[in-house]
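Asks: The structure that follows is given in the form of structure tokens.
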2 protein chains.
Amino acid sequence: MQPEGTLRADGVHVGGDARQRFYDSRGYGRPLEGNEIVLTHLEAAHLLFRGDLSAVSVDGDALGFEPFFVHAAAAVDRFAVRFLVYTDLRDRGFYLSPTREGWPGDRRLDGDGEDVDFVVYERGASPPDGALEHRIRVVGERESIPVEGLSGTTLAVVDEESDLTYFEAVAIDPDGDTRYDPPDDLAGVLLEDRVLAWDVPGDLYERGFYGRPLSGRASTLEGAIQLSLLEAAFLAERGSLRLDRALPLDAASSDARTDDDGSVLAPVDAAEAIRERGRAVEGDRFDRRLRVYTDLRDRSIVPKTGFKFGADFRTYLEVETVTDLPHSEHLVRVLEPDHVFVPRELSLDVRLAGGVRKRMVFAPTGSSSIDYLSVARLTP
Amino acid sequence: MQPEGTLRADGVHVGGDARQRFYDSRGYGRPLEGNEIVLTHLEAAHLLFRGDLSAVSVDGDALGFEPFFVHAAAAVDRFAVRFLVYTDLRDRGFYLSPTREGWPGDRRLDGDGEDVDFVVYERGASPPDGALEHRIRVVGERESIPVEGLSGTTLAVVDEESDLTYFEAVAIDPDGDTRYDPPDDLAGVLLEDRVLAWDVPGDLYERGFYGRPLSGRASTLEGAIQLSLLEAAFLAERGSLRLDRALPLDAASSDARTDDDGSVLAPVDAAEAIRERGRAVEGDRFDRRLRVYTDLRDRSIVPKTGFKFGADFRTYLEVETVTDLPHSEHLVRVLEPDHVFVPRELSLDVRLAGGVRKRMVFAPTGSSSIDYLSVARLTP
């Protein structure tokens with residue numbers, strides 16, 4: 001016969017040999033005096049579910065799993081979704097502790113991790129002092145998740161059909177090894193939302209991986225490349241690119257045509273003209289993306305567009321030549337620093353990156369330094 | 001020596017043997033009197049680029065490719081991006097005609113396709129009467145694309161680095177072959193944003209693929225499943241599911257606890273209670289998604305959550321048993337009927353679907369019937 005618990009104000013109390021049976025050997029609850037322990041609703045429901053408790057007495061009624069579950073769902077916030085995650089992790093053989101005040105998980109977080117629901121111990125480790133493997137945040141797919149504070153946690157997302165997906169968020173500090181200095185005498189024309197440059201040295205593309213040659217199979221033209229506004233702004237900012245002409249954005253409308261006075265813009269003015277164009281077509285997002293582009297180039301990493309993957313950039317850590325390009329390792333999405341994820345968006349980005357053997361990296365970009373956050377799917 | 005063209009009000013005129021050389025044998029421009037033809041700026045720039053025209057005379061100046069390109073970019077809307085697509089398709093061996101008024105492409109569209117930039121003829125076919133392969137819409141990655149009017153066109157998206165991605169949009173009418181009728185006596189409890197049902201027959205999940213069993217590896221519990229709000233609303237609407245209890249959304253806050261009067265809701269009232277809960281957690285989106293869920297079930301298709309793929313649903317055309325589940329063929333995203341795509345969003349969805357060997361299907365859902373739109377990447 002399995003023991004019975006009793007619901008009191010601070011949780012479900014179990015006596016008899018509960019301390020040895022549940023706490024010492026399997027990491028449930030927290031010990032009280034003697035052999036008594038107290039369990040959270042969640043722990044008690046799980047033990048009922050497994051058949052390890054026979055019933056929990058609530059106001060004199062001995063409840064089995066189903067009525068206790070409904071009772072707990074009415075009394076405890078987000079009970080159903082947290083139960084799913086707790087059960088899944090227990091099924092996978094982990095010991096875990098809730099972070100409710102007074103429980104071992106709370107002590108382990110030391111006040112840091114207010115959104116964390118459980119701490120998960122390494123396999124074979126147990127509360128209260130075992131090494132930690134994950135700090136789990138349980139999130140329903142309809143909740144939202146601020147990017148701030150994500151680092152160091154593992155999200156357990158419960159979707160509408162109660163399936164679970166785990167995402168691990170880790171701060172990273174990427175570093176590349178691409179050596180190439182662009183020349184200082186590039187000249188281009190600003191056309192709508194790109195820059196055309198003629199007569200550029202072949203290395204600009206082939207070794208620096210700037211731009212894209214404007215060449216069809218049948219063309220005899222050499223040395224013409226198109227630069228993105230980001231590439232052009234970066235090259236102008238570092239003094240490499242001047243503009244011979246800047247056609248206005250709506251070139252075809254005659255009103256706008258007067259903006260183009262045909263004057264040559266030195267790099268410093270070219271940079272400003274390109275940034276202005278960037279803001280005109282993308283808004284503030286352009287400045288954020290330029291900050292990340294510049295930061296990555298400063299880290300000797302080559303960022304190229306991630307458009308085909310729905311990201312801002314794909315990155316190459318070490319480019320020797322474009323002809324012999326390495327696999328691109330990261331997909332980078334630039335975010336506002338106060339960005340709030342919808343779990344579905346996270347699922348889409350991370351799934352895609354995994355499918356093309358890349359790591360999904362988010363770059364929340366405000367006025368301070370950029371904290372790159374890698375998010376990957378995880379099977380605990 | 002290659003011929004020279006002259007820019008006039010209606011385009012670039014070329015005389016000599018231009019009709020045979022450019023129109024008859026390669027599908028450029030449109031014929032005038034005798035052997036003269038007229039080219040759009042785009043066609044003329046392409047012929048300059050290939051070296052097939054030696055120059056174009058503009059106000060008495062003989063311009064080569066570069067100055068003519070800049071001149072055209074200042075005179076013609078979206079010239080640079082359209083040039084890239086035109087050149088790419090020509091490089092791939094296609095004949096294509098602009099849809100400018102009077103040009104062969106315009107006549108072929110017959111007024112239907114105002115956003116189409118070029119018509120592309122089947123390989124080996126030519127203007128004006130050859131069979132059409134694509135109606136191309138050129139879109140910069142920063143432009144937006146309404147879902148309305150997409151069907152039947154091929155998008156050529158030019159990203160910020162001037163790379164091209166083609167997406168073909170086709171209307172589809174999906175049809176499944178899943179045969180299963182749920183029983184009429186299911187009972188559940190509405191908990192936050194899901195429904196728990198006890199004692200359900202195994203076939204509900206195993207053959208109908210409704211819900212997800214609430215069972216861990218170690219559990220002895222049988223017949224308990226969790227239904228999504230969509231599944232529960234659908235089952236209640238068809239008279240299969242009643243609610244024994246409906247716990248309020250914020251069950252843990254004592255204010256809300258009074259909503260639960262413990263009364264049993266018959267299917268018709270249960271359906272309304274579940275829809276209300278759906279709207280409370282998702283807004284209008286819930287009703288749109290329920291319409292698509294219901295429409296797919298009515299087509300004998302099984303929709304399950306597409307969360308892991310960032311979509312609303314993945315679908316199974318024919319489920320015999322869940323144990324022997326076929327490959328899911330579509331990812332479905334539900335949209336408002338006036339949805340406007342950002343190209344990056346389209347790129348992400350379609351890329352992911354391709355990576356998991358599924359077709360991406362958009363379901364714009366308003367008050368009229370649902371027109372499913374399949375969008376796939378294409379290499380012309």
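Every number here is computed from the coordinates shown, using simple stated rules; none is lab data. The structure displayed is predicted, hence computed values, not measured ones. No Cβ is skipped: glycine too gets one built from the backbone with ideal geometry, and neighbour counts run over all protein chains shown.
Asks: Anything over 23 Å Cα to Cα? Flag those among A:Lys308/B:Lys304; A:Lys358/B:Lys308; A:Lys358/B:Lys304; B:Lys308/B:Lys358, in the order listed.
Replies: Going by Cα-Cα distance, A:Lys308/B:Lys304; A:Lys358/B:Lys304 fall outside the 23 Å limit.
Asks: Could you work out how far the C-alpha centroid of the range A:320-346 sits from that of the range A:65-81, in angstrom?
Replies: Taking the Cα centre of the range A:65-81 as reference, the centre of the range A:320-346 is 40 Å away.
Asks: Taking the Cβ of B:Ser162 as the centre, find all other residues whose Cβ is under 15 Å away and add up their charges (Lys, Arg: +1; Asp, Glu: -1).
Replies: Neighbourhood net charge equals -4.
Asks: Let me ask you something else. On alpha-carbon atoms, Rg over Rh for the range B:4-140 using Kirkwood Rh?
Replies: Expressed as Rg/Rh, it is 0.93.
Asks: What shape does the range A:1-56 have by the C-alpha gyration tensor, where a ≥ b ≥ c are the square roots of the eigenvalues, rounded means a/c under 1.5, and otherwise prolate means a/b greater than b/c and oblate the rest?
Replies: Here the range A:1-56 falls in the rounded category.
Asks: While we're here: Using just the alpha carbons, could you tell me how many Å³ per residue the convex hull of the range B:150-250 encloses? Don't skip to the end; give the middle numbers.
Replies: Values: hull volume 22.9 nm³, N = 101.
Given the Cα convex hull of the range B:150-250, per-residue volume reads 227 Å³.
Asks: Report the normalised scattering of the protein assembly as shown as log10 I(q)/I(0) at q = 0.05, 0.06, 0.07, 0.11 Å⁻¹, calculated by the Debye formula with identical scatterers on the alpha carbons.
Replies: Here the Debye-derived log intensity ratios amount to -0.34, -0.48, -0.63, -1.18.
Asks: B:Leu249 versus A:Glu206, label points 7 Å from Cα toward the beta carbon: distance in nm?
Replies: Simple spin-label model gives 6.2 nm for this pair.
Asks: For label points placed 7 Å from Cα toward Cβ, what is the shortest-first list of nm distances from B:Val340 to its copies?
Replies: 2.4
Asks: At 7 Å along Cα-to-Cβ for each site, give me the label-to-label distance between B:Ser57 and A:Val170 in nm.
Replies: 6.9
Asks: Per DSSP H run of at least 4 residues, take -39500 (n - 2.57); add these up for chain A, divide by its residues and hand me the 222 nm value, nearest 500 deg cm²/dmol.
Replies: Helix contribution divided over all residues of chain A: -8000 deg cm²/dmol.
Asks: Same structure again: Using a Gaussian network model on chain B with a 10 Å cutoff between Cα atoms, which of B:Val70, B:Val14, B:Val138 fluctuates the most?
Replies: Largest GNM mean-square fluctuation: B:Val70.
Asks: I would also like to ask the following. So what's the net charge close to B:Leu317: Lys and Arg +1, Asp and Glu -1, counting the other residues with Cβ under 10 Å from its Cβ?
Replies: Charge balance near B:Leu317 sits at -3.
Asks: Once the piece of chain linking A:Ala9 and A:Ser25 is laid out straight, how much longer is it, given 0.36 nm per residue of separation minus the C-alpha distance between them?
Replies: 3.2 nm
Asks: I need the inter-copy label distances for B:Asp110: point set 7 Å along Cα to C-beta, values in nm with one decimal, smallest first.
Replies: Output for B:Asp110: 7.6 nm, nearest copy listed first.
Asks: Note the angle between two axes, namely the Cα long axis of helix A:65-75 and the longest principal axis of the Cα atoms of chain A, as a number of degrees from 0 to 90, rounded to the nearest 10.
Replies: Helix A:65-75 sits roughly 60 degrees off the main axis of chain A.
Asks: I would also like to ask the following. Helix A:79-91 sits at what angle to the longest principal axis of chain A, using alpha carbons and giving 0 to 90 degrees rounded to 10?
Replies: Compared with the principal axis, the helix lies near 90 degrees.
Asks: FRET efficiency for B:Asn35 and B:Asp298, Cβ-Cβ distance as r, R0 = 45 Å, nearest 0.05?
Replies: For R0 = 45 Å, the calculated efficiency reads 0.15.
Asks: Under 13 Å from the 7 Å Cα→Cβ point of A:Ser368, by amide nitrogen: which residues of the range A:92-130?
Replies: Counting only backbone N, you get no residues.
Asks: Taking chain A as the reference, fit the longest principal axis to its C-alpha atoms, fit the long axis of helix A:343-355 to the helix C-alpha atoms, and give the angle between the two in degrees, 0 to 90, nearest 10.
Replies: Orientation of helix A:343-355: about 70 degrees from the principal axis.
Asks: Okay, next question. Tell me, what HN-Hα J-couplings in whole Hz come from the Karplus equation 6.51 cos²θ - 1.76 cosθ + 1.60 at θ = phi - 60° for each residue of the range A:356-371, using x for Gly and Pro?
Replies: With coefficients 6.51, -1.76 and 1.60, one gets 10, 6, 10, 9, 7, 10, 9, 10, x, 10, x, 8, 8, 5, 8, 9 Hz.
Asks: From the backbone phi of the range A:198-208, what are the Karplus-calculated ³J(HN,Hα) couplings (6.51 cos²θ - 1.76 cosθ + 1.60, θ = phi - 60°) in whole Hz, Gly and Pro given as x?
Replies: 9, 6, 8, x, x, 5, 4, 8, 5, 10, x
Asks: Right, next: May I ask for the Kirkwood hydrodynamic radius of chain B, worked out over all distinct Cα pairs and given in angstroms to one decimal?
Replies: Value: 24.5 Å, from the Cα pair sum.
Asks: Give the nm distances, rounded to one decimal, from A:Asp52 to the matching residue in every other copy, measuring between label points 7 Å along Cα toward the beta carbon; shortest first.
Replies: Label point to label point, same position, other copies: 7.7 nm.
Asks: Going 7 Å from the Cα of B:Glu122 in the Cα-to-Cβ direction, what parts of the range B:355-380 have a backbone nitrogen less than 19 Å from that spot?
Replies: B:379-380
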